[in-house]
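Visitor: Below is one structure. I have some questions about it.
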Amino acid sequence: MLNLVDKLILAYELLLTVHILLFKSAISGWAEHLQLNFVITSWIFLSALAASRLKRQPFKFLHAFYPVFLLIWHYPQACALQYSVIPFSLDPMLIKWDLAIFQLPLYSLLPQKLNVLGLEIFHFFYFAYYLLLGVPAWIVYKKRHPKINEYLFVIIFTTTLHQWLLIFLPADGPIPLRAEIIPDGILMIPIMNLIYKLHPGGGAFPSLHVAGAMITCVYANIFLPGRKWFWIIAFWLITLSTIVCSFHYPIDCLVGLFTGWICYIYAPRIYDYVRKE
């Protein structure tokens, strides 16, 4: 009844619950976190049961793609827990390392070089990551593409790994600077401002946006072949947008490239190994 993605998320929920209980004195609203974990766990079992017993849409679709929608809760929750272990931000250290590598505060200088239209375009590229998470897989879902289950496992493995890194390596990124250097905008800037108002923010190191974009673009090329350069360009534009829009320091993206590459290499192997057991 439960597939590999279900089991992966259940393992994450269990470990997260243990973490919350161990560090509850440092977590505001720890009981609400436990309630959320219980609701998510219950949903996993119920959706799996509905998909296996009823065997028709929309139950099968919901069971297949709920992990993508679950990121709406998982990422903000990880950000809310980021000071439970280390009670202070690592930003001063990251800024020092970033300047040592890149020499200039690109996260501050680049957005000031662009006009409102340019910033709107880069905010669209940043937002495009959320679309990439599900749209390519959804397009080929009816054709029962053989790589859909693997993709869902790999992207959830990548996000859960990075959510743990966000919890143990608290960093806010340059987001506080946005109020000074990013104009109000017309469409995409207000949308992204709203999204960041709806969750506690932070969780900047390493960049899940970059690591996740690497995975989604690789699999988008598998799902929709013949557009290799489109997905390569999309990946680099999303990566650049994290800096231009002042959501990440370049060092966040650099480490996100590395962790994303690690997930790209090893997560499919883990999937194949576990599936054969």
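Bear in mind that the values in this text are calculations on the coordinates, not laboratory data. Treat the numbers as computed from the prediction; the structure is a model and nothing was measured. With ideal geometry, Cβ positions are generated from the backbone for all residues, glycine too; neighbour counts draw on all protein chains shown.
Visitor: State the extension gain, in nm to one decimal, for the chain segment bounded by Tyr273 and Phe258, taking 0.36 nm per residue of separation less the distance between their alpha-carbons.
Guide: Numbers: separation 15, 0.36 × 15 = 5.40 nm, distance 2.27 nm.
Computed gain between Tyr273 and Phe258 is 3.1 nm.
Visitor: Turning to a different aspect of this structure: Where the only charges are on Cβ atoms (+1 Lys, Arg; -1 Asp, Glu), what is the dipole of the range 182-277 about its Cα centre, to the nearest 20 debye? Please list the in-between numbers first.
Guide: Values: 6 positive and 4 negative charges, 59 e Å.
Magnitude of the dipole: close to 280 debye.
Visitor: Additional query: For the chain, with the dipole built from +1 on Lys and Arg beta-carbon atoms and -1 on Asp and Glu ones, taken about the Cα centre, which of Leu8, Trp97, Thr160 lies farthest toward the positive end?
Guide: Of the candidates, Leu8 comes out farthest on the positive side.
Visitor: Could I ask something else about it? Whole-Hz Karplus ³J(HN,Hα) for the range 122-134, in order, using 6.51 cos²θ - 1.76 cosθ + 1.60 and θ = phi - 60°, x for Gly and Pro?
Guide: 5, 5, 5, 4, 4, 5, 4, 4, 5, 5, 5, 4, x
Visitor: Please state the charge dipole magnitude for the chain, taken about the Cα centre, from unit charges on C-beta atoms (+1 on K and R, -1 on D and E), reported in debye and rounded to the nearest 20.
Guide: Working: 19 positive and 13 negative charges, 255 e Å.
In debye, rounded to 20, the chain gives about 1220.
Visitor: I want to check the label-to-label distance for Lys142 and Leu10. Put each point 7 Å from Cα in the C-beta direction and report it in nm to one decimal.
Guide: My value for the distance between the label points is 3.2 nm.
Visitor: Answer with one residue from Ile175, Val135, Phe247: the one whose Cα lies farthest towards the positive end of the charge dipole of the range 4-276, charges on Cβ with Lys, Arg +1 and Asp, Glu -1.
Guide: The Cα lying farthest towards the positive end belongs to Val135.
Visitor: Taking 0.36 nm per residue of separation and subtracting the Cα-Cα distance, what length does fully extending Tyr130 through Lys55 add? Can you show the working numbers first?
Guide: Details: separation 75, 0.36 × 75 = 27.00 nm, distance 2.83 nm.
Stretched fully, the Tyr130-Lys55 segment lengthens by 24.2 nm.
Visitor: Here's another thing I want to ask about it. Using Cα pairs closer than 8 Å and at least 6 residues apart in sequence, work out the relative contact order for the chain, in percent. It would help to have the intermediate numbers written out before the result.
Guide: Numbers: 324 pairs, mean separation 71.4, N = 277.
Reported relative contact order: 26 percent.
Visitor: Taking the dipole about the Cα centre of the range 4-276, with the C-beta of Lys and Arg at +1 and of Asp and Glu at -1, give me whichever of His145, Cys217, Phe23 is farthest to the positive side.
Guide: It is His145, whose Cα lies furthest towards the positive end.
Visitor: If I build a Gaussian network model for the chain, linking alpha-carbon pairs within less than 10 angstrom, which residue out of Met214, Met188, Met93 has the largest mean-square fluctuation?
Guide: Maximum fluctuation in the GNM of the chain, among the listed residues, is at Met93.
Visitor: Using the Karplus curve 6.51 cos²θ - 1.76 cosθ + 1.60 with θ = phi - 60°, what ³J(HN,Hα) values do you get for each residue of the range 135-142, in whole Hz, with x for Gly and Pro?
Guide: Running phi through 6.51 cos²θ - 1.76 cosθ + 1.60 with θ = phi - 60° gives 5, x, 5, 5, 4, 9, 4, 5 Hz.
Visitor: Now for a different question. With springs only between Cα atoms under 10 Å, which of Ala267, Ala78, Ala48 fluctuates most in a Gaussian network model of the chain?
Guide: Most flexible of the set in this elastic network: Ala48.
Visitor: Find the lysine pairs in the chain meeting two conditions, Cα atoms under 20 Å apart and a separation of 8 or more places or different chains, and report how many there are.
Guide: Qualifying lysine pairs in the chain: 11.
Visitor: GNM, the chain, Cα, under 10 Å: largest mean-square fluctuation among Gly260, Gly212, Gly118?
Guide: Gly118
Visitor: Treating the angle as unsigned and between 0 and 90°, give the value, to the nearest 10°, between the Cα long axis of helix 188-197 and the longest Cα principal axis of the chain.
Guide: That helix lies at roughly 70 degrees to the long axis.
Visitor: Between Leu224 and Asn193, how many nm apart are label points set 7 Å from Cα along the C-beta direction?
Guide: 3.0 nm
Visitor: What spacing in nm lies between the two simple spin-label points modelled at Ile95 and Ser28, each 7 Å away from Cα in the Cβ direction?
Guide: The modelled label-to-label distance comes out at 2.2 nm.
Visitor: Moving on to the next point. At each listed q (0.09, 0.10, 0.17 Å⁻¹), what is the log10 of I(q)/I(0) that the Debye formula gives for the chain modelled as equal alpha-carbon point scatterers?
Guide: Debye output, listed in q order: -0.44, -0.54, -1.47.
Visitor: May I pose another question? What number, in percent, do you get for the relative contact order of the range 82-174 if the mean sequence gap of Cα pairs under 8 Å and at least 6 apart is divided by its residue count? Could the numbers behind the result be given before it?
Guide: Working: 31 pairs, mean separation 67.9, N = 93.
Once divided by the residue count of the range 82-174, the mean separation gives 73 percent.
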